[in-house]
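First the structure, in the form of structure tokens, and then the observations on it.
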Amino acid sequence: MENNLQKMIEERNQLYMDVRAGKIPKRVPINLNMDGAAALEYAGYDLKTQQYDIKYLIDAMEKAAQDFESDNLGVTAVRFAHFYKILGAKHFVMGTDGFLQHPEIAAMEPKEYDALTAEPYKFLWDSVIPRLYTELDKPWPLSSAALAKGFHTFYSTMGQVGAAKNELCLKYGKSNLGGAFAQTDAPFDFIADLLRSFTGMMMDIRRVPDKVEAACEAILPLMIKAGAKGTPEKAGGCMIPLHMAPYMKEKDFERFYWPTFKKLVEELVKTNTNVSIFLEHDFTRFLDYIRELPAGCQLMAEFGDPKAFKEKLGDKFILTGFYPLAMLKTGTLDEIQDKAKEIIDILAPGGRYIFSLDKSILRVSDVEIDKYQALLRFVKEYAVY
């Protein structure tokens, strides 16, 4: 039994290694896309009360490993309710049903761009973080105690989750490729999402464009440091979810967004970090720009024409995504399979393709689980080279 599991792990690892190397694997690797909240709900747990104890998340990860025919473990767990509660977070708050929400807030005023640009780390630490976390805005020693508690909670939780993932991969024969993994942001997105808000940033590029450009350049080294997890001996991984670009005019994207994002990816690749980029919404307008990024990056597309992506990017990048999550709620089994065939027939030829949904399942109610399970089984049988 143990030998069979080890063989399964090696075979699944080889699928991903072949894709990364530009070789054609035996079959298309299959990624499960499920947020920790959806996994908890699927396992029968209540988000309002049971996501505070990490043991329930680990149980939910195991149930997903048992029940879904994927090559990866596939449950994403990067935001933890108890961590945000300890620090009194304003930018991640629990909704009435227990799901973590990301409200639009502005933790920086337009007049503070110069302070951010002059000393970004100091400004974030001294000014922004206390505005985002109420417990860190309290006088010493209360703020220091909250920081110590939050630091311990985060790394203790990540340690437990990391150990559980390793054990579950071994127990259920899932791919255990990896090493250190991180998430970072395009500098423009970081400023928009955490400092100025969507609305504020769109006004700033009109009112103080030079300051926005300078701030993106100033933030860039911090974004590189956050994402660089590779070493000369072992590759690391980094996810970059892109947000603001599809809502921008192309001339604004070219001036404010693209230069520092491109530098970010280039510098991460230099550190032996495998970069995965989530192209949120529709990036079709920007495919010629994306083409300029270093070869081998993984691009997960939410929307867009798979044929256009394959034609312009398929020889240089690993493509994934595209399969509409909504189909698993509204489609019949025949329609679900036909859509899978359509996408696989376009993207699989020549390799450099991983099957996945166009976005993660955030809530278990987003899909009909039996349809998703049937889809994964079908893809494993159909997408063979």
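Within segment 54-84, being touching a residue at least 24 places away in the same chain (Cβ under 8 Å), over 22 Å from the mean Cα position of the chain (by Cα) and more than 12 Å from residue 168 (Cβ to Cβ) holds for one residue alone: 67. Among the residues of segment 76-122, those identified as at pLDDT 90 or above, among the charged types (D, E, K, R) and assigned to a loop (DSSP other than H, G, I, E, B) are 90, 109, 119. Check whether at least one residue in segment 199-208 is under 21 Å from the mean Cα position of the chain (by Cα) and in contact (Cβ under 8 Å) with a residue 40 or more places away in the chain, and report yes or no. Within segment 199-208, none of the residues are under 21 Å from the mean Cα position of the chain (by Cα) and in contact (Cβ under 8 Å) with a residue 40 or more places away in the chain. Looking across segment 162-196 at every residue that is among the basic types (Lys, Arg) and more than 30 Å from residue 260 (Cβ to Cβ), the one that is surrounded by the most Cβ atoms within 10 Å (Cβ to Cβ) is identified as 174. Scan segment 246-257 and tell me whether some residue there is within 20 Å of the chain's Cα centre (by Cα), buried (at least 22 other Cβ atoms within 10 Å of the Cβ) and part of a strand (DSSP E or B). Checked segment 246-257: no residue is within 20 Å of the chain's Cα centre (by Cα), buried (at least 22 other Cβ atoms within 10 Å of the Cβ) and part of a strand (DSSP E or B). When we screen 338, 345, 334 for residues that are more than 25 Å from the chain's Cα centre (by Cα) and within 18 Å of residue 300 (Cα to Cα), the only hit is 345. Looking across segment 79-115, the residues that are out of contact with any Lys or Arg (no Cβ under 8 Å at 6 or more places or on another chain) and acidic (Asp, Glu) come down to 104, 109, 112. Among the residues examined, residue 246 qualifies as closer than 21 Å to residue 303 by Cβ, modelled with pLDDT of 95 or more and not charged (D, E, K, R). In segment 275-320, which residues are over 14 Å from residue 242 (Cα atoms), part of a strand (DSSP E or B) and not hydrophobic (A, V, I, L, M, F, W, C)? Listed by number, the list holds a single entry, 320. The set of residues in segment 140-160 that are closer than 25 Å to residue 76 by Cβ and either in contact with a helix residue (DSSP H, G or I) (Cβ under 7 Å, 6 or more places away or on another chain) or among the charged types (D, E, K, R) (or both) comprises 149, 150, 153, 154, 157, 160.
Only one entry of 311, 302 meets the criterion of being of a type outside the set (S, T, N, Q), closer than 15 Å to residue 343 by Cβ, surrounded by 19 or more Cβ atoms within 10 Å (Cβ to Cβ) and modelled with pLDDT of 95 or more, and that entry is 302.
Residue-by-condition table, conditions (1) on the phi > 0 side of the Ramachandran plot; (2) not β-branched (Val, Ile, Thr):
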site: 249; (1), (2): no, yes
site: 269; (1), (2): no, no
site: 278; (1), (2): no, yes
site: 282; (1), (2): no, yes
site: 288; (1), (2): no, yes
site: 307; (1), (2): no, yes
site: 322; (1), (2): yes, yes
site: 327; (1), (2): no, yes
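Filtering segment 17-57 to residues that are farther than 26 Å from residue 235 by Cα and among the aliphatic types (A, V, I, L, M) leaves 37, 38, 39, 40, 43, 47, 54, 57. Residues that are without any contact (Cβ under 8 Å) to a residue 24 or more places away in the chain, out of contact with any strand residue (DSSP E or B) (no Cβ under 7 Å at 6 or more places or on another chain) and of a type in the set (Val, Ile, Thr) are absent from segment 103-125 altogether.
Within segment 37-68, which residues are in a helix (DSSP H, G or I), more than 21 Å from residue 371 (Cβ to Cβ) and of a type outside the set (A, V, I, L, M, F, W, C)?
From segment 37-68, those in a helix (DSSP H, G or I) are 37-42, 47-50, 54-67; that's our starting set.
Applying the additional criterion that residues be more than 21 Å from residue 371 (Cβ to Cβ) yields 47-50, 54-59, 61-62.
Correct list: 48, 49, 50, 55, 56, 59, 62.
The set of residues in segment 17-51 that are surrounded by 15 or more Cβ atoms within 10 Å (Cβ to Cβ) and more than 24 Å from residue 340 (Cα to Cα) comprises 36, 37, 40, 41, 43, 45, 47, 50, 51.
The values are calculated or read from the model by the stated rules, or taken from the named source; none is laboratory data. All values derive from a computational prediction rather than experimental measurement. Counting neighbours? That spans all protein chains shown, and the Cβs are built from the backbone with ideal geometry, glycine included.
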